[in-house]
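Here's the structure, in structure tokens; my notes come after.
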Amino acid sequence: MRIAVTAQDKNLDAEFDSRFGRCKYFIIIDPDTEEYQAEVNQAATAHGGAGIQSAQFLANREVKTVITGHVGPNAARALEAAGIKVFIMESGTVRDAITAYKEGNLTEVSEATVDSHSGLNMS
Amino acid sequence: MIISIASGKGGTGKTTIAINLALTLAETESVCFMDCDVEEPNAHLFLKPVLEGSAQVTVPIPIVDEEQCNRCGRCGEICAFNAILPLGNHILTFPELCHGCGGCTLLCPTGAIREEPLEIGVVEWGHAGSISHTHGRLKIGSPLAPPIVKAVKNRNQNMPEGTISIIDAPPGTSCPVVASVSDSDFCLLVTEPTPFGLHDLTLAVDMVRALQVPFGVVINRAGLGNGGLVNYCKAKNIPMLAEIPFERKYAACYAKGGRLVEEFPEMKEAFQSLWQTICATAPEGTKLP
């Protein structure tokens with residue numbers, strides 16, 4: 001079971017990144033063993049379709065669950081098609097996200113939480 | 001001959017320059033006015049054309065038959081805009097991201113993709129006195145302006161030989177502006193002597209140079225701001241073709257939809273002189289009337 005957390009840096013103590021399509025890194029982790037790898041999000045600087053590209057990236061890595069701050073409408077459609085569950089949190093580190101997920105403290109969403117392009121002007 | 005009016009910064013006076021130049025030339029020449037600012041066309045507020053016709057502008061978007069699809073993924077690989085991609089057991093399409101290039105349809109080995117037209121806007125045309133007027137309107141919510149700009153410019157092909165086409169471009173230096181200014185014989189870059197005007201002018205200069213369109217600068221609101229703009233033009237050998245002084249009466253005329261060349265004799269002279277300067281500045285080989 002692999003889950004992805006959107007992050008601003010490459011390790012478990014990194015600040016969580018609230019953007020989905022335009023996050024800096026995806027930390028892909030097995031929550032049981034806590035083995036993880038950090039992947040640069042190539043879609044972060046895409047002209048358009050960043051959320052879609054990110055969803056495809058996670059699907060190709062057989063991620064089944066993602067923890068992030070917001071998802072736009074296109075990302076939500078792509079994640080649903082890929083069968084990837086979306087859990088939302090507000091802030092904290094990647095480690096906090098994993099802990100909250102394991103304790104069942106995160107909310108699952110099935111629809112977009114923000115409009116298109118919301119991640120473009122956030123840093 | 002095609003003259004485009006562009007700016008970099010918005011609100012510098014592109015439309016003012018474009019319509020007054022068109023009105024000046026229309027006294028002796030056949031003039032075609034093309035408002036390519038399809039996200040917010042406004043030249044018609046001044047030229048008040050009588051519209052005679054319109055046409056839908058569409059882009060071909062892919063429709064996938066999932067039963068014929070073999071999930072090879074080539075459609076997703078070729079699409080630069082993530083408008084089509086296989087995910088899970090489905091082929092997702094995002095019509096609003098599609099630029100209508102047709103790459104996915106061409107590459108599909110099983111013929112599972114067909115194309116359907118998606119309306120993204122409209123082109124309207126008519127006459128304002130002797131001026132042939134065309135403008136485009138992007139449909140609200142549609143992000144793709146260049147196909148409409150191209151549709152507006154295509155109307156130009158119906159014009160008699162020797163017609164002078166005036167293109168009012170959108171602000172900025174992005175794809176819709178490039179689509180507007182490309183293939184012009186000459187481009188007027190309208191700016192104002194403020195730090196913002198100068199900053200965005202430098203971007204516009206880089207753009208017209210990359211497009212290899214000969215150009216010159218028109219300074220609107222001259223007298224406002226500082227000398228940075230003039231120094232920049234001199235340092236870069238950019239011809240300054242005309243100035244419109246920063247005066248309340250010109251702003252008031254514009255604000256009520258008036259025409260500078262009809263209300264102020266000195267403006268009529270200024271635009272006649274601008275045209276002569278363009279003709280003298282335009283490089284040899286330009287198709288002058």
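Each value in this text was obtained by applying a stated rule to the coordinates, not by laboratory testing. Keep in mind the model is a prediction, meaning the values are calculated, not measured. Note that we place each Cβ from the backbone using ideal geometry, even for glycine, and neighbour counts take in every protein chain shown.
Inspect segment B:73-95 for any residue being over 30 Å from A:Lys64 (Cβ atoms) and either hydroxyl-bearing (Ser, Thr, Tyr) or surrounded by 18 or more Cβ atoms within 10 Å (Cβ to Cβ) (or both) and give the result as yes or no.
Checked against the condition, which is being over 30 Å from A:Lys64 (Cβ atoms) and either hydroxyl-bearing (Ser, Thr, Tyr) or surrounded by 18 or more Cβ atoms within 10 Å (Cβ to Cβ) (or both), segment B:73-95 yields no hits at all.
Can you name the condition, by its number, that A:Arg22 falls short on among (1) out of contact with any Cys (no Cβ under 7 Å at 6 or more places or on another chain); (2) more than 14 Å from chain B (Cβ to nearest Cβ)?
(2)
Every residue in segment A:70-98 that is on the phi < 0 side of the Ramachandran plot, touching a helix residue (DSSP H, G or I) at 6+ places or on another chain (Cβ under 9 Å) and small (Gly, Ala, Ser), please.
A:Gly72, A:Ala75, A:Ala76, A:Ala78, A:Ala81, A:Ala82, listed by residue number.
Of all residues in segment B:1-59, count the ones that are within 30 Å of B:Pro95 (Cα to Cα), outside any strand (DSSP E or B) and small (Gly, Ala, Ser).
Selection size over segment B:1-59: 1.
Under the condition of being among the aromatic types (Phe, Trp, Tyr) and part of a strand (DSSP E or B), which residue from segment B:186-226 is surrounded by the most Cβ atoms within 10 Å (Cβ to Cβ)?
Let us first name the residues in segment B:186-226 that are among the aromatic types (Phe, Trp, Tyr), namely B:186, B:196, B:215.
Next, from what is left, pick out any that are part of a strand (DSSP E or B): B:186, B:215.
Numbers: B:Phe186: 21, B:Phe215: 23.
Only one residue fits best here, namely B:Phe215.
Yes/no per residue for (1) of a type outside the set (Asp, Glu); (2) within 17 Å of A:Arg2 (Cβ to Cβ); (3) more than 14 Å from chain B (Cβ to nearest Cβ); (4) surrounded by 12 or more Cβ atoms within 10 Å (Cβ to Cβ):
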position: A:Asn74; (1), (2), (3), (4): yes, no, no, yes
position: A:Arg77; (1), (2), (3), (4): yes, no, no, yes
position: A:Met89; (1), (2), (3), (4): yes, no, yes, yes
position: A:Val94; (1), (2), (3), (4): yes, yes, yes, yes
position: A:Ile98; (1), (2), (3), (4): yes, yes, yes, yes
position: A:Thr107; (1), (2), (3), (4): yes, no, yes, no
position: A:Ser110; (1), (2), (3), (4): yes, no, yes, no
position: A:Ser116; (1), (2), (3), (4): yes, no, no, yes
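So which pairs qualify, if the first residue must be in segment B:170-181 and closer than 15 Å to B:Gly10 by Cα, the second must be outside any strand (DSSP E or B) and of a type in the set (S, T, N, Q), the Cβ gap must be under 6 Å, and the two must be at least 6 apart or on different chains?
Sorted first by the residue in segment B:170-181, then by its partner, the pairs are B:Pro171/B:Ser7.
Cβ contacts < 9 Å: first residue more than 8 Å from chain A (Cβ to nearest Cβ), restricted to segment B:73-90; second residue among the aromatic types (Phe, Trp, Tyr), any location; separation 6+ or different chain. Result?
Close Cβ pairs satisfying both conditions: B:Ile84/B:Phe94.
Could you list all residues from segment B:91-108 that are closer than 21 Å to A:Leu58 by Cβ, of a type outside the set (S, T, N, Q) and more than 8 Å from chain A (Cβ to nearest Cβ)?
B:Ile91
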